[in-house]
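Notes for the one structure printed next.
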Amino acid sequence: MKKIPNWIFIVITLGLLIGSKFIFFSKKEEDGFKGKGNMPMAVNYFVAKPTDLNNDVFATGKIGAMNQIDIIPEVSGKITAIYFKEGETVAKGSLLVKLNDADLQAQLLKSKSQITLSEQKLERLKKLIAINGISKEEVDIQENELNSLKADQAFILAQISKTNVVAPFSGVIGLKNISEGSFINTQSPIASLVQIKPVFVEFSVPEKYIELFKKGVDIKFASENTSSEKEYKANIYAIEPRVDENTKTIKARAMYDGNELFYPGSFVKVFVNLQKTENALLVPTECVIPTLKGQKVFVSRNGVATETMVTIGIRNDDKIQILSGINQGDTIVASGLLAVRNKVALKFLKSVN
C-alpha cells in the first residue's frame, strides 16, 4: 500500500480546525449578540405635548435720530454774530449764525435805486404812448429792463439769505466749532444739530422671518449701557425692501416717542415677538439629530426605539418646534443618542422638561 504523505494529514487537520472555529465561534458570537440586543437600553425621555409658542427674536439694535446734520454754511464769509448756545434746544427756522453781508446790502441798495428809476421811466413812457408820442416797442423795452433789474434784486436777496444760517428742524445743537470774527467756507462745520425726540431703533433679523416681519409690529428694547432691566416699546414703521447679501438679514426701524431720553448712536437689546403659535409641539434641542437628509428623532413604539424623520420650525433657548413627524403624546428619546439604534429595546429612567 502506498503511504499517504504527511502534508496531506497536516492540511486535513488545519481544515478541521478552521471549520470547527467557524461553526462553533460564529454561533456563539451570534448568540451573544442576540442576547445583548435583547437587553433594554436605559435612556431619559420626553413626552411631546402641545404648548403655546412665543416666536421671540432677539437682536442688537442702535438708536438713531430721525434728523441729524452737521450745520454748514451755503456761502463763505466772516462770522459777525452767533445766536445759539451749545447744548440748547433750538426751534426750526431760528437764526443760528450771521455772516458778513455788507457788500450784498450795498448791491441791494443800488438795485433798489435802479428799480425805482426804471419804474418812473416806465410810467412816463406809458403816458406818452397814450397820446401816441412813442411807439409800443419803446415801452416793451423799458418793461423788459425793469423785469431784469427785479431779477437781479431777487438774486441779491437770495445771496443775503444764505448769510443767515438757520436751523432746518427743531433739535439740540451740539458743540460749536467757530467763533465770532472767524472766516468760514462751505466746508466748515459750525456745529451738529440732532433731533432727539422721537428717535428710532434700527435692528436686523434673519431673513427666514421675512413673512412675519411687517410694519406696525411692536418691539421691546432695553439699554445695554445700564444695569436696569426696564423695557421700552417702539413700533416698526419702515422695513428695508431687500435682504443683506452678506449677513442674510433684513433691516427695520421702529419709532420710539416716549419720555425716556436715548442718545443717537447708543446700542440697545431688541426683543421682537413676531407671532404666537398655539398648540405647538416642542422637544428639547438635544433630542433632534441632524443627518444628511434632514433631522431625526427616536420615538418609542411599544418600548422599542424607532427612527423618525421630522420637520423642524422655530427654535428658542432650549427647545425646537416639530412641524411634522411626531404626534402629541409620543415618547421621545432624550439621552444616549450616540448609542441608540433603530429597533433597540428601551428602558426609561426619568422624564426631562
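The values are calculated or read from the model by the stated rules, or taken from the named source; none is laboratory data. On a predicted model such as this, the values are computed, not experimentally measured, just so you know. Glycine gets a Cβ as well: all are built from the backbone with ideal geometry, and neighbour counts include every protein chain shown.
Odds and ends about this structure:
- Counted as qualifying within the stretch 297-345 are no strands (runs of 3 or more DSSP E), as none has 2 or more residues that are touching a Cys at 6+ places or on another chain (Cβ under 6 Å) and surrounded by 18 or more Cβ atoms within 10 Å (Cβ to Cβ).
- From the list L125, L96, the lone residue that is surrounded by 14 or more Cβ atoms within 10 Å (Cβ to Cβ) and at pLDDT below 95 is L125.
- Single match in V97, V75, V57, V90 (criterion: touching a helix residue (DSSP H, G or I) at 6+ places or on another chain (Cβ under 7 Å), touching a residue at least 60 places away in the same chain (Cβ under 8 Å), aliphatic (A, V, I, L, M) and under 30 Å from V165 (Cα atoms)): V75
- Hits in the stretch 128-167 - residues which are part of a helix (DSSP H, G or I), surrounded by 15 or more Cβ atoms within 10 Å (Cβ to Cβ) and either touching a Pro at 6+ places or on another chain (Cβ under 6 Å) or polar (S, T, N, Q) (or both): Q142, Q153, Q159
- When the residues of the stretch 270-315 are filtered to those that are out of contact with any Lys or Arg (no Cβ under 9 Å at 6 or more places or on another chain) and under 30 Å from V199 (Cα atoms), the one that is modelled with the highest pLDDT is K276.
- Boolean, T116 is of a type in the set (V, I, T) and either within 30 Å of I173 (Cα to Cα) or surrounded by fewer than 11 Cβ atoms within 10 Å (Cβ to Cβ) (or both): no
- Of all the listed residues (K176, K220, K208, K162), the sole one being closer than 18 Å to K62 by Cα and of a type in the set (K, R) is K220.
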